[in-house]
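Comments concern the structure below.
The values are calculated or read from the model by the stated rules, or taken from the named source; none is laboratory data. No experiment lies behind these values; they were computed from the predicted model shown. Neighbour counts run over all protein chains shown; Cβ positions are idealised from the backbone, glycine included. Calculation scope for accessible area: heavy atoms of the full protein, side chains included, ligands and nucleic acids excluded. Shrake-Rupley method; radii C 1.70, N 1.55, O 1.52, S 1.80 Å.
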Amino acid sequence: MALYLLFESASGYGLFHAYGIDEIGQSVEAVRSSVLDLERFGKAVKLTAFNPFSSAVDALNQCNAISEGIMTDELRSFLELNLPKPKEGKKAKYSLGVVEPKVGSHIAEVTGIPCQSNDFIQELLRGVRLHFDRFIKELKESDLEKAQLGLGHSYSRAKVKFNVNRVDNMVIQAIFLLDTLDKDINSFSMRVREWFSWHFPELVKIVNDNYLYAKLAKFIVNKSDLAEKDIPALADIVGDEDKAKEIVEAAKASMGQDLSPVDLINVQQFAQRVMNLSEYRKNLYEYLVTKMNDIAPNLTSLIGEVVGARLISHAGSLSNLAKCPASTLQILGAEKALFRALKTRGNTPKYGLIFHSSFIGRASTKNKGRMARYLANKCSIASRIDCYSEASTSVFGQKLREQVEERLDFYDKGVAPRKNLDVMKAAIDSMVNGTSIDDDDNERTDASAKKSKKKKSKTEADGDAMELDKPSNAADGEAEPGTEKKKKKKKHKLEETQEQENVATNGDAEVTKTPKKKKKSREVSEDAEPKTATEGKKKKKKKAKAEDDE
């Protein structure tokens, strides 16, 4: 059977005829050794036809179709034109070797051409790729490289939908820098405190804030120069006039040593650096907030900017975070503790980075794990909405946050939360109609009131049903011996009703006597065992005699 090879290059489609396979050998190892030698490989494989692409756009379309496993009309016409046509009603006496099995299956379905894709075909096509520029004389090697480079760039650009406003790499860098700045500012502030305390040790006890301390160190410079006239300026920095007076009084009776002017200048410059770093940290935080609201608005409104950014940075990107299941997202950041627990067969961690959320802190100790699991579930939903939705909106994040708040109330007070389906419907409606959050809150309170009313009505109905069931259950307990006894009881009840009708026609005196008989008969029916048929007949005879006497 003849073998043809389909090769998709950056410049066009190539069809090769492999007719000297027996000379090389059928084994994959033999083909690998012969592929490198152009003389041997050229004798086995020869070019049958070549169809160049008309433009770069056409090449990109053909490449996208091949990657998705689809045969285009151009490829179909190329194959039908250059492959030998089999006779009607007979199978083809050749097969087509392709790289992608999906493309081969689609070609076989549409055209009926038998296709194959295995290690042997892959090695042959590798040889074709290696010596492709030698098979086509008009195609230069540099031209082929340029075509491959241009197609590779355009294919990658088409696959990655680039949006400047939604680049999560900036968030990853910003949160790393924010964490580094926090550590640096803390260590530098401690250095300023330690350095300036040699000169003015009492200031540490008066001012606790690092930023204010650096500001005061820059302003005071030399404690001996402080006087009553500096109180208003100190009050502006500290924000409290009493503290400013306390600083001036402490400076007058300070135990610190005097420093040279050069040392004081160095302390002042270092304090200025710490102040600049603190101000830059504030600006960086504002930048992070704006970027997080652009990239992941739902995750931001649910869990906050810093925790959301840490989750994205730990996962690597927003798309990686969206692919994570809720169970992975829950322990993201606690990998060491997880593997240590698995190794020692201890308890696995309940939360990782998600622990820094305010919801986990507000939950009670026994409910922290449950709260972390629920919050991770909602964060997973929010990250997927942010990653795959085209329109950026924070409506879903706000609704998910409300659900987490309701879950907290449920754990603390037992208030039943809304169903997820109802919340998502409300979010979609608010997106479509543009309703405000206050209206949604009113709807939620109405829904909860309706739920409580329904619960009350259900409990009342259940209570009534229980009361009604009690006597019937007692009667059933007495009538368990058999179905015949039940029938006898029914007959007995019918007789009692007939007696009541007869008594109603008689006088008042007779009416007063009948309730006693009823009570007796009820007591007998409840306490005593079911009566036999002979006792029933005797009663009937007595009743008949009493009626005749009257």
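Details
- Element breakdown for the stretch 170-284 at a 1.4 angstrom probe: carbon and sulfur atoms account for 53% of the accessible area.
- Accessible solvent surface per residue of the stretch 2-160, calculated while the other protein chains remain in place, 1.4 angstrom probe, Å²: 57 Å²
- Computed over protein heavy atoms with a 1.4 Å probe, the accessible surface of the stretch 280-336 works out to 40 Å² per residue.
- All-pairs alpha carbon distance profile, the stretch 297-417, 10 Å steps from 0, percent: 14, 45, 31, 10, 1
- Accessible-area value, residue 8, 1.4 Å probe, nucleic acids and ligands omitted, Å²: 50 Å²
- With a 1.4 Å probe rolled over the protein heavy atoms of all chains, the accessible area of 126, 193 falls in the order 126, 193, largest first.
- Per DSSP, loop trypsin sites (Lys or Arg not before Pro) in the stretch 60-113 with at most 13 further Cβ within 10 Å: 87, 90, 91, 93
- An ellipsoid equivalent to the stretch 248-317, defined through the eigenvalues of its Cα gyration tensor, has semi-axes of 44, 14, 10 Å when rounded to whole angstrom and sorted largest first.
- For residue 4, the solvent-accessible surface with a 1.4 Å probe is about 30 Å², rounded to the nearest 10.
- A cut-off of 5 Å between modelled amide H atoms, ignoring neighbours fewer than 5 places along the same chain, links residue 97 with 4, 5, 6, 116.
- Size-normalised alpha-carbon gyration radius of the stretch 2-160, reference 2.2 N^0.38 Å: 1.04
- Area of residue 29 that stays accessible when all protein chains are in place (1.4 Å probe, Å², to 10): 120 Å²
- The value of relative contact order for the stretch 296-431, using C-alpha pairs under 8 Å at least six residues apart, is 31 percent.
- Within the accessible area of the stretch 2-160 (1.4 Å probe), percent carbon and sulfur: 52 percent
- Under Karplus coefficients 6.51, -1.76 and 1.60, residue-wise ³J(HN,Hα) of the stretch 424-431 in Hz, glycine/proline x: 5, 4, 5, 5, 5, 5, 5, 5
- Computed from the alpha carbon positions, the gyration tensor of the stretch 170-284 leads to an equivalent ellipsoid with semi-axes of 28, 16, 11 Å, biggest first.
- Using only side-chain charges placed at the Cβ, +1 for Lys and Arg and -1 for Asp and Glu, the dipole size of the stretch 2-160 relative to its Cα centre rounds to 220 debye.
- In order along the stretch 52-67, the phi-based Karplus estimate (6.51 cos²θ - 1.76 cosθ + 1.60, θ = phi - 60°) of 3J(HN,Hα) comes to x, 6, 6, 7, 5, 5, 5, 4, 5, 4, 5, 5, 4, 5, 5, 5 Hz; Gly and Pro are listed as x.
- The residues of the stretch 364-426 have, on average, 50 Å² of accessible surface per residue, using a 1.4 Å probe with all protein chains present.
- Taken one residue at a time, the phi angles of the stretch 301-318 give Karplus couplings (6.51, -1.76, 1.60, θ = phi - 60°) of 5, 7, 10, x, 6, 5, 5, x, 5, 5, 5, 5, 5, 6, 6, x, 6, 5 Hz. Gly and Pro are set to x.
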